[in-house]
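Working notes, beginning with the structure itself.
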Amino acid sequence: MLWKACALLFFVASIGSSFGDRNNITAAKIWLEEYNTEAEKVRPEAQEASWTWNTNITDYNNRLKLEAEKKKSEFDKRSYNQTLNWDWKNFTEINAKRQFYKIADIGESVLPTDKFQQITKAKSNMQSVYSKARVCNKPGDQDPSKCYPLNPTLENIMAKSTDWKELAWAWEGWRNETGRKMPDDYEKFVELANEAAGMNGYTDNGDYWRSWYETENFEKQMEELFIGLKDLYKLLHAYARKKLKERFVGHPFPDSGQIPAHLLGNMWAQSWGNLFTLLAPYPGKPLDVTEMMREQNYTTRKMFDLSEKFFTDLGLDPMPPKFYNDSMLDKPEDGRDVVCHASAWDFYNRKDFRIKQCTQVTMDWLITTHHEMGHVQYFLQYKDQPVVFRRGANPGFHEAIGDVLALSVSTPKHLKKINLLRPNQNPDDEELQLNFLMNQALKKIAFIPFGYLIDQWRWKVFKGETKKDEYNEDWWNLRCKHQGVSPPVQRFNTDFDAGSKFHVPNNTPYIRYFVSYVIQFQFHKALCKEAGHNGPLHKCDIDQSTEAGNKLAAMMKLGSSKEWPDAMEAITGQRKMNVSDLIEYFAPLEDWLKKEVKNETLGWDDQCGRIWGNGMRTKSIFIAIYIIFH
């Protein structure tokens with residue numbers, strides 16, 4: 001019974017205090033062991049309830065999920081109160097002190113029960129809106145009642161269509177059916193998340209999120225990294241803009257230099273990989289191996305088996321027995337609503353690890369599969385750490401692990417090795433290599449400003465600098481300024497376009513992805529050195545190098561038991577994030593881009609141009625009227 005276990009925890013905790021000794025490290029360690037035992041019961045129950053809802057979205061499963069979250073919150077709160085029996089902040093035993101620090105970090109669980117239920121309901125409402133969204137009235141449809149989900153229909157339209165109007169229909173429709181329905185719930189979430197952060201000693205929820213990096217001046221460091229990559233992004237942006245203007249002759253591109261956001265091959269313009277055919281330096285030398293995969297009768301399971309082999313060939317762990325039975329690797333065919341967004345799950349019991357995604361047989365999904373399996377590999381490596389240490393050294397580390405392995409998997413050299421290049425394709429062909437770098441840049445470099453700006457926007461919201469009626473204008477101000485994209489149709493203060501991106505309604509901090517896109521290249525260079533690679537960094541494939549695998553495993557086993565600079569040092573010998581290895585990786589492409597855009601204007605205005613529409617919010621209209629008449 002849970003109440004008996006909690007009573008035992010309280011009793012053990014009292015050992016250190018009943019004798020007036022709040023520094024009794026022996027009693028503290030006993031309590032930590034009991035906490036871990038109980039956490040390995042409570043957390044799996046919460047994860048299972050969340051999994052059930054994510055893979056079968058019903059009101060009944062939502063109620064079960066909310067009840068499980070409440071139960072976990074109550075456990076977290078009781079555990080926090082029990083940490084107060086010790087003066088743990090003055091412990092000299094570093095490992096125990098760090099465990100107490102993380103147990104005391106209970107996030108939203110600190111809220112009173114009624115408010116905790118309110119915040120979980122607000123988040124659940126937004127997640128349901130996102131996951132159930134369908135867009136109707138497709139141009140040319142005979143049946144106006146026919147509606148389309150994001151995956152796969154809308155994503156495929158954004159990826160493949162060259163029809164300006166069809167792209168605008170999908171782009172605007174998705175935002176109408178998701179973000180526009182969320183502002184009230186998001187405002188309630190922000191209010192309560194900030195209240196919880198204040199109760200935990202932080203200035204606001206953004207301050208709380210940044211604390212996970214244990215880094216002074218974290219915002220400043222992120223800005224410096226972003227500035228270090230802007231010139232490379234501007235080159236890619238100018239080249240893409242030039243080629244898109246050639247494709248969409250006669251259509252309106254803003255004079256301010258931004259690219260209309262619906263033209264970049266992705267619902268959020270975060271990755272431009274679907275523009276590869278248009279932007280490839282050498283169009284006659286394609287690198288997308290999707291057709292080869294289909295010719296060889298690839299299935300979802302074959303993609304996962306191939307990914308698993310890559311990990312085991314590095315000397316890393318195979319997937320546990322339950323993995324394939326319990327995961328959701330394909331979109332269910334029974335028509336039930338599910339959350340298709342790819343994710344990896346740790347159930348905190350040291351044996352249950354799963355992946356949830358709606359796989360399609362494409363090269364992009366092959367890379368995604370390696371990425372998600374990278375998360376699971378991280379789970380497997382640190383599974384014997386105390387529960388509170390079962391996470392990445394910082395949130396960006398977790399995202400970087402899968403990606404760093406994908407840097408090897410996607411090389412022409414590796415694709416040749418697994419028989420996915422055509423017989424007439426030479427992996428050492430420099431033109432093919434440049435195409436490969438362009439393909440990588442369309443996913444990596446194109447993403448940089450998007451990965452940076454989402455939490456810039458949320459931090460402003462949490463600070464109170466951006467109010468509800470300013471959500472959308474400030475969102476587009478950042479996208480126009482940092483990413484150089486603009487909305488293809490008029491936007492209003494009643495829109496909430498940030499909510500059309502999964503991570504916003506799902507309350508997933510996003511700066512982790514920006515961090516990961518920097519540090520994965522630091523990891524890659526270090527692992528390539530360990531594997532004995534000689535030559536350009538972008539040609540490195542660490543496949544079958546147990547030396548590289550051992551180095552990676554040693555870092556992953558740490559979990560979050562050490563601060564991230566220690567984990568960084570374990571794999572790279574460095575203690576800071578820097579962009580030099582990323583820039584080195586893309587150096588040949590950077591030289592090529594400079595020649596291609598020598599007659600183009602680099603950059604764009606900070607403000608959105610004429611596609612912006614006639615005013616973003618009502619307040620702007622009143623200001624304009626005031627100026628005219630005064």
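Observations on the structure shown:
- P(r) of region 169-299 over all Cα-Cα pairs, binned every 10 Å from zero, in whole percent: 9, 22, 26, 27, 14, 3
- The gain in end-to-end length when the Glu74 to Tyr282 segment is fully stretched comes to 69.0 nm, 0.36 nm per residue minus the alpha carbon separation.
- Using the Cβ-Cβ distance between Gln296 and Tyr324 with R0 = 25 Å, the FRET efficiency computed as 1/(1 + (r/R0)^6) comes to roughly 0.75.
- Per residue, region 405-547 exposes an accessible area of 29 Å² to a 1.4 Å probe, with every protein chain left in place.
- Rg(Cα)/(2.2 N^0.38 Å) for the chain, N = residue count: 0.98
- Share of alpha-carbon pairs per 5 Å distance bin for region 505-554, given as whole %: 5, 20, 23, 18, 14, 9, 7, 4, 1
- Computed from backbone phi with θ = phi - 60° and the Karplus coefficients 6.51, -1.76 and 1.60, the 3J(HN,Hα) list for region 360-373 is 10, 7, 9, 5, 4, 6, 5, 5, 4, 4, 5, 4, 5, 5 Hz; x is used for glycine and proline.
- Calculated on the Cα set of region 272-319, radius of gyration then Dmax: 14.9, 40 Å.
- Neighbours of Gly464, meaning other residues whose beta-carbon lies under 14 angstrom from its beta-carbon, give a summed charge of -4 when Lys and Arg score +1 and Asp and Glu score -1.
- Taking max minus min of the alpha-carbon positions on each principal axis, region 25-104 gives extents of 49, 17, 15 Å, largest first.
- Note on region 104-218: Kirkwood radius taken over Cα pairs, Stokes-Einstein applied at 10 °C and 1.306 mPa s, translational D equal to 94 µm² s⁻¹.
- Think of it as helices only: each DSSP H run of n ≥ 4 in the chain is worth -39500 (n - 2.57), and spread over all residues that comes to -18000 deg cm²/dmol at 222 nm.
- Shown in residue order for region 199-212 are the 3J(HN,Hα) couplings computed by the Karplus curve 6.51 cos²θ - 1.76 cosθ + 1.60 at θ = phi - 60°: 5, 8, x, 10, 6, 6, 5, x, 4, 5, 4, 5, 5, 5 Hz (x for Gly and Pro).
- Translational diffusion coefficient (Stokes-Einstein; Kirkwood radius from C-alpha pairs) of region 435-541 at 4 °C, 1.567 mPa s, in µm²/s: 81 µm²/s
- Above-threshold pairs, the threshold being 20 Å between Cα atoms, out of Lys322/Lys383; Lys230/Lys460; Lys383/Lys443; Lys460/Lys481: Lys230/Lys460; Lys383/Lys443
- Simple point charges give the picture: +1 on the Cβ of Lys and Arg, -1 on the Cβ of Asp and Glu, and for region 152-292 a dipole about the Cα centre of about 960 debye.
- Once the Cα gyration tensor of region 512-593 is diagonalised, semi-axes √(5λ) in Å: 23, 17, 9
- The packing ranking of peptides 467-479, 60-72, highest mean first, is 467-479, 60-72, where packing means the average number of other beta carbon atoms within 10 angstrom of each residue.
- Here, region 367-523 is characterised by an Rg to Rh ratio of 1.06, where Rg is the alpha-carbon radius of gyration and Rh the Kirkwood radius.
- In sequence order, region 456-462 has phi-based couplings of 4, 5, 5, 4, 5, 4, 5 Hz under the Karplus curve 6.51 cos²θ - 1.76 cosθ + 1.60, θ = phi - 60°, and Gly or Pro positions carry x.
- Once the C-beta distance of Thr203 and Gln490 is scaled by a Förster radius of 22 Å, the resulting FRET efficiency is 0.05 to the nearest 0.05.
- For region 25-104, averaging the sequence separation of C-alpha pairs within contact (under 8 Å, six or more residues apart) and dividing by the residue count gives a relative contact order of 34 percent.
- For Tyr148, nonlocal amide neighbours, meaning residues 5 or more places apart or on other chains whose placed amide H falls under 5 Å from its own, are Val135, Cys136.
- Relative to the longest principal axis of the Cα atoms of the chain, the long axis of helix 511-530 lies at roughly 90 degrees.
- Placing pseudo-labels 7 Å out from each Cα toward the beta carbon at Lys220 and Asp384 gives an inter-label distance of 4.2 nm.
- Phe397 accessible area, 1.4 Å probe, all protein chains in place, Å² to nearest 10: 0 Å²
- Within region 321-389: Cβ-based charge dipole about Cα centre, in debye rounded to nearest 20 (Lys, Arg +1; Asp, Glu -1): 240 debye
- Over the chain, relative contact order from alpha-carbon pairs under 8 Å, at least 6 apart, %: 18 percent
- Check: region 458-537 dipole with +1 on Lys, Arg Cβ and -1 on Asp, Glu Cβ, in debye: 220 debye
- Binned Cα-Cα distances of region 255-341, short to long, each 5 Å bin given as a whole percent: 2, 10, 11, 13, 16, 18, 13, 9, 5, 2, 1, 0
The values are calculated or read from the model by the stated rules, or taken from the named source; none is laboratory data. These figures come from a predicted structure and were not determined experimentally. A quick note on method: Cβ atoms are made from the backbone with ideal geometry, for glycine too, and the neighbour counts reach across all protein chains shown. When the accessible area is computed, the model is the full protein with side chains, heavy atoms only, and any ligands, DNA or RNA have been set aside. Shrake-Rupley method; radii C 1.70, N 1.55, O 1.52, S 1.80 Å.
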